[in-house]
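The structure under discussion appears below in the form of structure tokens.
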């Protein structure tokens, strides 16, 4: 099964993400971007790829022990950008910030623990974000220009804030209609920050 480790996003934030997708689709005309369905948006901490049932047990026990070491934290949702850069936009996203550094420390620790189980870490640095859309391949120059203009001019202020108290191991099933997600496990953080 295909799986990843993630923070679930509250429904109220997903509704605001849908509002931003609606606004962006009025700025980026035509159909050069595959917009994400907000119900499927997660903050991915590590993509694991294909895992077996035996791996699932190891992952479950490792996450249970590791996640409880970290305190609750609050995420701010806002800001707009793209990967890899504005000349070649492939992924359009809204940013995530966390003031205490807990998110980054926890993500680094989880990647280290998953590495001990044989999972490779991604080649790029962790940049917390929520994907809004993926630019289609082989788009026209005019489509590329309007996406580049949107990346340069579109502004997203803070659209939400929420406390993170648990992480999830998420299963992803790829279907022609889009990915379907289900939780394979929930792992509680240890305590409120500062306690």
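For this structure, a couple of remarks:
- Mean ellipticity per residue at 222 nm, deg cm²/dmol - from DSSP H runs of n ≥ 4 across the chain, formula -39500 (n - 2.57): -10000 deg cm²/dmol
- Among 56, 153, 121, the largest mean-square fluctuation in a Gaussian network model of the chain, built with springs joining Cα atoms closer than 10 Å, belongs to 153.
- With the convex hull drawn over the C-alpha atoms of the chain, the volume per residue is 123 Å³.
- On the principal axes of its alpha carbon atoms, the range 50-139 extends 43, 32, 18 Å, with the longest extent given first.
- The modelled label-to-label distance between residue 12 and residue 136, using points 7 Å beyond Cα along the C-beta direction, is 3.7 nm.
- Förster radius 25 Å - calculated FRET efficiency between residue 162 and residue 55, Cβ distance, rounded to 0.05: 0.25
- From least to most packed, judged by other beta carbons within 10 angstrom and beginning with the fewest, 152, 166, 66, 20 follow the order 152, 166, 66, 20.
- Whole-angstrom gap from the range 132-146 to the range 20-77, using each part's C-alpha centre: 23
- Estimated at 0.36 nm per residue, the fully extended path between residue 153 and residue 37 surpasses their Cα-Cα distance by 39.4 nm.
- Gyration tensor (alpha-carbon) shape descriptor, the range 1-78, a/c threshold 1.5: oblate
- Of the residues 22, 149, 143, the one with the fewest other Cβ atoms within 10 Å heads the list, and the complete ranking is 22, 149, 143.
- The chain, relative contact order in percent, only Cα pairs under 8 angstrom and at least six apart counted: 35
Readers should treat all values here as calculations from the given coordinates under stated rules, not as data from a laboratory. Note that the structure is predicted; figures quoted are calculated from it, not measured. We place every Cβ from the backbone using ideal geometry, glycine too, and count neighbours over all the protein chains shown.
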